[in-house]
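Report on the structure given below.
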Number of protein chains: 2
Amino acid sequence: MKHLVRTSRNLGHAIRQARKAKNLTQKELAAMSGVWQETISKIENGSGGTKLETVFDLIAALDLEITLTERSKGTSDGLEGIF
Amino acid sequence: MKHLVRTSRNLGHAIRQARKAKNLTQKELAAMSGVWQETISKIENGSGGTKLETVFDLIAALDLEITLTERSKGTSDGLEGIF
DNA sequence: ACAATTTATGATCCAGGGGTCATATGGAGT
DNA sequence: ACTCCATATGACCCCTGGATCATAAATTGT
């Protein structure tokens, strides 16, 4: 499972999916990440302007990692342009 | 070129490297991204708490992309990364 | 050394994120 | 229907990132 993240909305989706894949509630994730449930709700719904560190806390708790790559290669992932 | 990003400092490094790889000055990157040179300076030096949207602006201008992946593929351990 | 450019820093102002609590809405189960 | 849990939302305050301008420091070129 690989998420291309270009917007806050993308990020929210990815986080929600990852959380559900682990059968965690927002409250549980809040407890493990130190980010409040209310804040997680906002982020999952794509509220823009989230702070980086909050995202790092979340993805660390969800056992995800962020990779920064160049965007020229043809990815051939088949998931481009879905949204 | 692939950057694993876990902290704001990582992000700053990656952005600086990408910028230099393209022979851009902070001022030029500022002009292309809409983010101010002063802000870019802070971010490249790992100032925490940067906003997501600012990062998106920067990586878009630098032709980079963010990927969110799982760190360890759940069910079995130590088998990731074979391919 | 000097001048020019690049990067960093310092200050002010403002908008918005997140902590925090309370509450409302929604969904699953009985 | 009514609980119980999950998620969303509203309100408040505080804090800080970013815009903005000015300037200091560092780097580069000659």
Helix-derived [θ] at 222 nm for chain A: sum -39500 (n - 2.57) over DSSP H runs of at least 4, divide by residue count, nearest 500?
-> -14000 deg cm²/dmol
Residues B:GLU53 and A:ALA60, FRET efficiency given R0 of 22 Å [Cβ-Cβ distance, rounded to 0.05] | 0.60
Find which of A:ALA30, A:SER41, A:THR54 sits farthest along the positive direction of the dipole of the stretch A:8-61, computed with +1 on the beta-carbon of Lys and Arg, -1 on that of Asp and Glu, about the Cα centre.
-> A:SER41
Which percent of the accessible area of the protein assembly as shown is formed by carbon and sulfur heavy atoms (probe 1.4 angstrom)?
-> 50 percent
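Using the beta-carbon distance between B:ARG9 and A:ASN23 and R0 = 45 Å, what value does 1/(1 + (r/R0)^6) give for FRET efficiency, to the nearest 0.05?
Result of the calculation: an efficiency of 0.85.
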For A:TRP36, go 7 angstrom from Cα along the Cα-to-Cβ vector, then report the distances to that same point in the other copies in nm, smallest first.
-> 2.8
Answer in debye to the nearest 20: the dipole magnitude of the protein assembly as shown about its Cα centre, from +1 Lys/Arg and -1 Asp/Glu charges placed on Cβ, is 120 debye
Using a label position 7 Å from Cα in the Cα→Cβ direction, what is the ascending list of nm distances from A:LYS2 to the same site in the other copies?
-> 0.8
Can you list the lysines whose alpha carbon is less than 22 Å from that of B:LYS22, not counting same-chain residues fewer than 8 positions off?
-> A:LYS73, B:LYS2, B:LYS42
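The values are calculated or read from the model by the stated rules, or taken from the named source; none is laboratory data. In this text, all values refer to a predicted model and were calculated from it rather than measured experimentally. Neighbour counts are summed over all protein chains in view; Cβ atoms, including those assigned to glycine, are modelled from backbone coordinates with ideal geometry. The accessibility values were calculated without ligands, DNA or RNA, using every heavy atom of the protein model including side chains. Shrake-Rupley method; radii C 1.70, N 1.55, O 1.52, S 1.80 Å.
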